[in-house]
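Comments concern the structure below.
The values are calculated or read from the model by the stated rules, or taken from the named source; none is laboratory data. None of the values given here were measured: they were computed from a predicted structure. Counting neighbours? That spans all protein chains shown, and the Cβs are built from the backbone with ideal geometry, glycine included. Side chains included, ligands, DNA and RNA excluded: accessible areas come from the protein's heavy atoms. Shrake-Rupley method; radii C 1.70, N 1.55, O 1.52, S 1.80 Å.
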Amino acid sequence: MKPLKIAVSKGRVKDQLIALLKEAGFEFEDLKSRKLEHVDTTGRISLISVKADDVTTYVERAAADLGVLGSDILYERSFDGYELRYLPIGKCRMCVAGFRGFNLSERSFVRIATKYPKRAKDLLEEKGINGEILFLSGSVELAPIVNLADCILDIVETGKTLEENDLVVLETIGQISSVLIANRISFKLMNDRMMALLNDLDAAEKRSAAK
């Protein structure tokens, strides 16, 4: 029986997922190697390491049965699959940030730099503000500093990068965490195995919370 393939972004989220899976009874070997796929010692699941932006593509195309990615990224996607549950990993905040004293609600027009154009568009519509959305793929904190934008919309974990660049969180838009998603066909064909995995994760989360 082939293992359930789980696509997950490299880095912090993958490390946290491995810790959660370990609590659920799964063990992985050779994690320090450069292998892009790791099968757990029971052979039930395997993790494939991909970029966060590519997780939905792997799952939609059935290259992976399941995927783990941030709810911030999923919000921006038109994903044809199932959202199974939120996971207690990858937690951070979606925030408007800029120079101290800037008030988004007092502006009739605003320039926002962001990696999340759909969320920025929805934010402006919710507040009834006209604006220009500037898509940047990295270092959005630089935009207000060089007067490219009035403020930024980005995820914030510790706020250290903002602080070091004399920026502050102006408004928290929402909480972010990782989401477990599934391919539609895999969900039907492997439903029992996926439900068993969900039960294992639920139990692991409860044990972790009790510690």
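Values computed for the structure shown
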{"item": "In the stretch 112-130, the residues that are open to solvent by less than 60 Å² (accessible area, probe 1.4 Å) and either out of contact with any Phe, Trp or Tyr (no Cβ under 9 Å at 6 or more places or on another chain) or not polar (S, T, N, Q) (or both)", "result": "I112, A113, Y116, P117, R119, A120, D122, L123, L124, I129"}
{"item": "In the stretch 133-147, the residues that are assigned to a loop (DSSP other than H, G, I, E, B) and farther than 19 Å from R119 by Cβ", "result": "V146, N147"}
{"item": "Pair list, Cβ < 7 Å and 6+ apart or interchain, from the stretch 136-164 residues that are hydroxyl-bearing (S, T, Y) to residues that are modelled with pLDDT of 90 or more", "result": "S137/K115; T161/E141"}
{"item": "Any hit, the stretch 187-197, residues being part of a helix (DSSP H, G or I), open to solvent by 20 Å² or more (accessible area, probe 1.4 Å) and touching a strand residue (DSSP E or B) at 6+ places or on another chain (Cβ under 8 Å)", "result": "yes"}
{"item": "Only listed residue being part of a strand (DSSP E or B) and either in contact with a His (Cβ under 6 Å, 6 or more places away or on another chain) or under 30 Å from K5 (Cβ atoms) (or both), chosen from I152, I181, I173", "result": "I181"}
{"item": "The stretch 1-21 - residue that is open to solvent by 10 Å² or more (accessible area, probe 1.4 Å) and part of a helix (DSSP H, G or I) and, of those, farthest from L36 (Cα to Cα)", "result": "L20"}
